1. Span-like helices, the chain: DSSP H, alpha-carbon axial extent 18 Å or more, mean Kyte-Doolittle -0.5 or greater, which ones?
2. Determine the per residue accessible area of segment 1-139 with all protein chains present and a 1.4 angstrom probe, expressed in square angstrom.
3. Treating only the Cβ of Lys, Arg, Asp and Glu as charged (+1, +1, -1, -1), what charge dipole size does the chain show about its Cα centre? Round to the nearest 20 debye.
4. For the chain, with a Gaussian network of springs between Cα atoms less than 10 Å apart, report the residue from Ala91, Ala99, Ala143 with the top mean-square fluctuation.
5. State the percentage of accessible surface on the chain attributable to carbon and sulfur atoms; use a 1.4 Å probe and exclude ligands, DNA and RNA.
6. Express in % the proportion of alpha carbon pairs of the chain at distances exceeding 20 Å.
7. Counting each DSSP H run of 4 or more residues in the chain as -39500 (n - 2.57), what helix-only mean residue ellipticity at 222 nm follows after dividing by all residues, to the nearest 500 deg cm²/dmol?
Amino acid sequence: MIGSLRGKLVFADPPMILMEVHGVGFELQMPLSDFSELPGPGGDLKVATHLVSREDEMALYGFIKSADRAWFRELVRVPGIGPRLALNIVAQSGVAEFAEQVQAGDVKALTRLPGIGPKTASRLIVELRGRLEGVSAGDPHSASGLALKALVGLGYSRVEARRLLKQVGDPSGRDVEALVREALAGVQAQ
């Protein structure tokens, strides 16, 4: 219903912000990880949003990155995962890391997230396995996205390819060829 908002930040009081759009103030809940990217009061801001409407409340959730909103939407579709827990998961974990843990069935890693017990972790794995690939891919045309595709083309699973690229470190300033070469060099060193 409300896909995004562009306006001025009035104030931020984690996890809530007040944003003014053409004279209308919108209260949004955001992941704590997004607060470091907010401008100062009066600064321009654009957020992707998700509206949750229930009998007793309406809440608007905002995200600096559209990928985080897509991930949030996948999480709230899982039975037993409400918007507040989903927001907490988005704030505490990176989408690629989370998707990797789900694909690998790593209950232990998922239970390290606040509010996630073994049963909830198992439910997340069953419900989300295979559904987070599009969300976690990031920009498929970036150097790291193309390097991921190249490693998968060489026969590595998506989880293995992500792990290899994660070991390479920050991909900025390197082209696809360099990333693939360094990822494969890491395999030979093991």
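The values are calculated or read from the model by the stated rules, or taken from the named source; none is laboratory data. Small disclaimer: the values here were computed from a predicted structure and weren't measured. So basically every Cβ, Gly included, is an ideal-geometry build from the backbone, and we count neighbours across all protein chains shown. Keep in mind that these areas ignore ligands, DNA and RNA; they rest on the heavy atoms of the full protein, side chains included. Shrake-Rupley method; radii C 1.70, N 1.55, O 1.52, S 1.80 Å.
1. On the way: long enough: 176-189 (20 Å, 0.86).
Counting only whole DSSP H runs, the qualifying helices are 176-189.
2. Details: 7130 Å² over 139 residues.
Solvent-accessible surface per residue comes out at 51 Å².
3. Numbers: 22 positive and 22 negative charges, 110 e Å.
Rounded to the nearest 20 debye, it is 520 debye.
4. Ala143
5. Carbon-and-sulfur percentage of accessible area, whole number: 53.
6. Working: 10761 of 17955 pairs.
That fraction is 60 percent.
7. Details: 9 runs with 86 residues, N = 190.
For the chain, the value works out to -13000 deg cm²/dmol.
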